[in-house]
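**Q** Dropping the structure in here first, questions after.
The values are calculated or read from the model by the stated rules, or taken from the named source; none is laboratory data. None of these values were measured; they are calculated from a predicted model. Positions of Cβ are backbone-derived with ideal geometry, glycine not excepted, and every protein chain shown enters the neighbour counts.
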Amino acid sequence: MIDFFALGEFSRNNCIAICSALVPANLIASLLTLIFVFFERPRNHLRVSALIAISFAIILALHVASWWVIGVVQPPTFILLALSAVCLGLNGWGMAQKGHWKNFVFKRIGLLKYNFE
């Protein structure tokens, strides 16, 4: 059986190491997902990248939750939770999009350019 108390203690005792690993991993994995979306890579590559990034974001959110359980509510916890939420949102969008976003974006840019000329 999983001992949540021991997991929480491990998370809090190794906070610097966990954050210094998860924050760059979150950013790099989410960036990779966005690159796969932009270059229209196969859906399998995109899904694997997004699932890895989502798992990093969930682990980071659970790490923040371990601090909130003991009553530590400070700006770094909110910043880390916001990073986790943004990464979850971007990767969820990356998995859900159909690949026709380039036409939509370029049409909008064309309309904006047309209005300003």
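**Q** Out of the range 29-47, which residues are surrounded by 14 or more Cβ atoms within 10 Å (Cβ to Cβ) and not small (Gly, Ala, Ser)?
**A** Residues of the range 29-47 that are surrounded by 14 or more Cβ atoms within 10 Å (Cβ to Cβ), as a first pass: 29-34, 36-37, 41, 46-47.
Hits for the range 29-47 are LEU31, LEU32, THR33, LEU34, PHE36, VAL37, ARG41, LEU46, ARG47.
**Q** Under the condition of being among the β-branched types (Val, Ile, Thr) and under 22 Å from TRP67 (Cα atoms), which residue from the range 16-37 is farthest from the chain's Cα centre (by Cα)? Break it down stepwise before answering.
**A** Here is the first cut: in the range 16-37, the ones among the β-branched types (Val, Ile, Thr) are 16, 18, 23, 28, 33, 35, 37.
Adding the requirement that they be under 22 Å from TRP67 (Cα atoms) leaves 16, 18, 23.
Values: ILE16: 19, ILE18: 16, VAL23: 9 Å.
The selected residue is ILE16.
**Q** Name the pairs whose Cβ atoms lie under 6 Å apart, with the first residue in the range 1-27 and among the aliphatic types (A, V, I, L, M), the second surrounded by 11 or more Cβ atoms within 10 Å (Cβ to Cβ), and 6 or more positions between them or separate chains?
**A** Short answer, once both residue conditions are applied: ILE18/HIS63; LEU22/PHE56; LEU22/LEU60; ALA25/PHE56.
**Q** Taking the options ARG47, ARG108, ARG41, name whichever one is modelled with pLDDT under 90, among the basic types (Lys, Arg) and in a helix (DSSP H, G or I).
**A** The match here is ARG108.
**Q** Moving on. From the list ILE58, ILE16, pick out the single residue that is at pLDDT 95 or above and not small (Gly, Ala, Ser).
**A** One residue alone meets the criteria, ILE58.
**Q** Right, LEU62: touching a Leu at 6+ places or on another chain (Cβ under 7 Å) and closer than 29 Å to GLY94 by Cβ or not? Talk me through it step by step, then tell me what you get.
**A** Numbers: touching a Leu at 6+ places or on another chain (Cβ under 7 Å): no; closer than 29 Å to GLY94 by Cβ: yes.
It is false that LEU62 is touching a Leu at 6+ places or on another chain (Cβ under 7 Å) and closer than 29 Å to GLY94 by Cβ.
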